[in-house]
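In what follows, a single structure is set out as structure tokens and then discussed.
Read the figures in this text as sums done on the coordinates, not as results from a lab. Note that this is a predicted model, so its numbers are computed, not measured. Every residue, glycine as well, gets a Cβ built from its backbone with ideal geometry; the counts of neighbours run over all protein chains shown.
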Amino acid sequence: MSPKDPAYFDTILARTTQLALNHLHNRDAQPIGAQATAADLRARLMKPLLAEGTAPERVIEELVADVAGGLHNMNTGRFYGWVNGGVLPASLAADWLTSAWDQNAANYAVSPAAAIVEEVVGDWLKAIFNLPAQTSFALVTGTQIAHVTCLAAARHRLLQNRGWDVEAKGLNGAPPLRILTSSERHGSIDRAARLVGIGRDNIHPLPCQADGTLAPDVLRDALSQHSDAAIIVALNAGDLNIGAFDDFASLVPIAHAAGAWVHVDGAFGLWAAASPKHRAKTRGLELADSWSTDGHKWLNTPYDSGIAMIADHEAHAAAMTYRASYMLVADGVRDQMDWGPDWSRRARGFALYAAMRELGRDGIAELIDRCCDMAHALVTGIGALPGAKLIWEPTINQGLVRFLAPTPDATEEDHDRHTDAVIAAVNATGEALFGGTTWRGQRCMRVSVCGWQTDASDVERAIAAVRSVLLRNEPLGHAA
Ligand SMILES: *Cc1c(COP(=O)(O)O)cnc(C)c1O
């Protein structure tokens with residue numbers, strides 16, 4: 001068949017739809033955690049790249065067969081690892097169309113509809129998070145690159161205030177920049193600091209209080225000790241372990257009084273602002289200068305969905321805008337590459353647009369509230385099992401549990417090893433998937449609920465899986 005034939009894509013896309021549906025139909029019956037080893041996957045996938053091509057249908061049939069057992073079953077109600085959500089139907093479908101439409105979403109001229117959809121998405125997000133009207137934004141790959149985008153804007157503003165044009169001169173000889181942040185920050189802050197030239201050694205972590213938040217006095221003291229440098233204060237809206245929200249209403253004015261830029265990591269926690277029940281945790285959020293979040297965590301879009309939002313739109317544009325003679329620039333519209341670090345890029349606005357329309361504002365709030373309720377039931381349910389110890393009762397969608405080694409005179413190290421062994425054994429049942437973390441020096445099971453499908457029956461089934469592991473009589477194989 002010629003590619004000019006209107007039916008050229010029919011066979012492969014119809015077959016692919018069927019293969020995707022097979023995956024989705026079986027999702028509750030299949031193990032949640034991947035069971036294949038790296039060696040299994042290499043043995044199947046490392047085919048020689050032949051000189052001649054392969055028929056498209058065969059490429060897809062073999063791909064599906066070869067990845068079998070190597071996919072975590074994330075789009076279910078029993079995946080609780082890594083703050084990863086599932087994918088909403090309209091958002092998945094919009095993501096398929098994004099590929100079929102094959103748009104380059106660099107700017108308006110290259111794809112008008114992609115540009116306008118992003119304008120709409122930006123307005124909706126600002127309203128959901130209750131951010132200042134002039135806030136500008138960029139749709140990027142994830143919170144990691146959202147941090148890079150926000151810190152580039154911060155770097156512009158802070159250095160321009162000191163008479164230094166960083167876009168022209170770079171950082172060689174520039175006034176010093178430092179980041180004051182929480183000991184509970186996510187590692188993506190450190191990587192962003194490396195990428196924008198601030199450097200790891202210029203991150204100064206401050207100790208947290210028992211609830212995981214920064215104390216105003218600690219920040220005030222640190223700001224006065226670092227008054228020789230331009231400062232970015234990086235705060236948490238939902239830290240990675242316990243979902244702690246810094247007290248923005250107290251901390252942001254303190255930072256601003258010292259001339260600092262305040263950036264908020266809200267990879268999942270920013271979405272609490274969408275819920276009337278949980279919104280109070282974000283009090284004062286709107287006072288900050290920049291915010292990072294994800295669509296692919298709590299909103300349940302497909303991956304490749306990060307969002308940078310920046311109140312100082314002039315600093316944002318100064319850090320990103322570029323004009324080349326061959327570019328077509330249209331008046332009166334928003335060109336995406338004026339705001340993000342990409343040039344050619346995926347039209348990632350479509351999947352966000354679809355997810356938000358599918359849920360509506362009330363649906364987003366319900367998703368947030370339901371996940372928090374399920375996280376509470378799951379963590380307290382596991383924590384109440386014999387041999388388990390509740391370490392952090394969720395106040396949002398994150399909680400921690402530790403498992404105590406049943407041997408007499410067991411040490412904390414024994415409990416650490418036992419905790420890792422229980423997590424591995426639960427994951428091996430295929431009934432649910434949990435992550436682990438070291439929190440305040442102790443290994444814990446980290447429980448995160450942010451999938452749209454998790455309901456009470458999933459929670460019961462997951463608790464039963466943990467119970468069955470704890471009731472086993474034989475010793476658990478201790479993970480190294
Ligand atoms: C997941 C996460 C990140 C990183 O987000 P990506 O989308 O993976 O880049 C940053 N901060 C927190 C608190 C997170 O949970």
* Name the single residue, out of those in the range 91-106 being of a type in the set (G, A, S) and in contact with a Ser or Thr (Cβ under 7 Å, 6 or more places away or on another chain), that is farthest from R345 (Cα to Cα). => S91
* List the helices (runs of 4 or more DSSP H) that sit entirely inside the range 165-263 and contain at least 3 residues that are in contact (Cβ under 8 Å) with a residue 12 or more places away in the chain. => 187-195, 216-225, 248-257
* the range 354-375 residues that are more than 17 Å from N84 (Cα to Cα), paired with ones that are small (G, A, S) and not in a helix (DSSP H, G or I) (beta carbon under 8 Å, 6 or more apart) -> A365/S275
* Asked: Which one of L151, L180 is crowded, with 17+ Cβ neighbours inside 10 Å, closer than 20 Å to A222 by Cα and more than 16 Å from the ligand (Cβ to nearest atom)?
  -> L180
* Asked: For the range 428-453, how many residues meet the condition of being closer than 11 Å to A465 by Cβ and under 22 Å from the mean Cα position of the chain (by Cα)?
  -> 3
* Which one is nearest to A318 (Cα to Cα), of the residues in the range 338-357 that are under 20 Å from the mean Cα position of the chain (by Cα) and in a helix (DSSP H, G or I)? -> G349
* Structure fact -> With criteria (1) surrounded by 19 or more Cβ atoms within 10 Å (Cβ to Cβ); (2) within 11 Å of the ligand (Cβ to nearest atom), R191 comes up short on (1)
* Asked: Can you tell me how many residues in the range 386-414 are surrounded by 19 or more Cβ atoms within 10 Å (Cβ to Cβ) and more than 23 Å from the chain's Cα centre (by Cα)?
  -> 5
